[in-house]
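Everything below concerns the one structure shown next.
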Amino acid sequence: MRIFSDTNLLTLMLFSCFSSTLSSLYSSSCQLRGQFDLNGMHKPGDVILGGIFKLHFFPAYPDLSFTSEPQQPTCFGFDVMGFRHAQTMAFAIDEINRNSNLLPNVTLGYSLYDNCIQLGIAFRAALTLVSGQEEQVTLGKNCVGTPPVLGIVGDSSSTRTIAISTVLGSYRVPLVSYFATCSCLSDRQKFPSFFRTIPSDAFQVKNLLIQNA
C-alpha cells in the first residue's frame, strides 16, 4: 500500500513538472534577455521600417574587468555622409506619409540605428530591429510571430551585410543594402531575403570589360 502511494506521488510530481515545462515552452509571451543601448532615431507608425547607417567613425570600448557585464561602447567621429543617408530615408518616409494616395490609411514609421562602422554594433542594431525593445512580447507558440519591422535598409559594407543577412535570412526579414556590392550576396540560397539597390561587383566588372573591349 505504501509503495502504491509513493508511486502515485512520484507520478503526480513528474506530471506537474512536465506540465509546467510545457506551459513555459508554449507560452504566448517571450522575454528579452537583454537590451542594447544604441544611438538611433525613431518615429511611430502603423508599419515600421528599420535602417542601419554609419553615423560615427569609430567606437571606444570600455575596459573589461571580467567581473561584470561589459558596458556598451561609445561612438565618436560624426559621419556627415552617413547622417545624410539616414536623413534621406526619414525624409522619404515623411513624404510618403504626406501623400494620402500612396498608402491610404497607413502611416509609415522608422527606427534608424548607428552602426559606428563596427560589425558588433551593426549586429546589435539588426537584432534590436528584429526582436524589438519591449521587455515582454506576445507571440504564438515557440515565440514565433511577426517581427516589429517590415524590412531593414542597410548595411553600407559587404562584410557587415553578409553577417547580418545570414541571420535575418533565417527569419525571412528583408535586408536592402544601398552599398554592399559583394557578388556572394547574390546567392539566393545563402541569402534568401537580401536585396540591393546597387549593382554587384561581378556586374560592374562585366560592364567595364565591355566598355574597354
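VAL167 contributes about 40 Å² of solvent-accessible surface, heavy atoms of the protein only, 1.4 Å probe. The packing ranking, built from the mean of other Cβ atoms within 10 Å per residue, places the peptides 155-166, 61-72, 89-100 in the order 155-166, 89-100, 61-72, highest first.
The values are calculated or read from the model by the stated rules, or taken from the named source; none is laboratory data. Model, not experiment: these values are computed from the prediction. Here Cβ is always computed from backbone atoms with ideal geometry, including for glycine, and neighbour counts include all displayed protein chains. Accessible surface areas use protein heavy atoms only, side chains included; no ligands, DNA or RNA. Shrake-Rupley method; radii C 1.70, N 1.55, O 1.52, S 1.80 Å.
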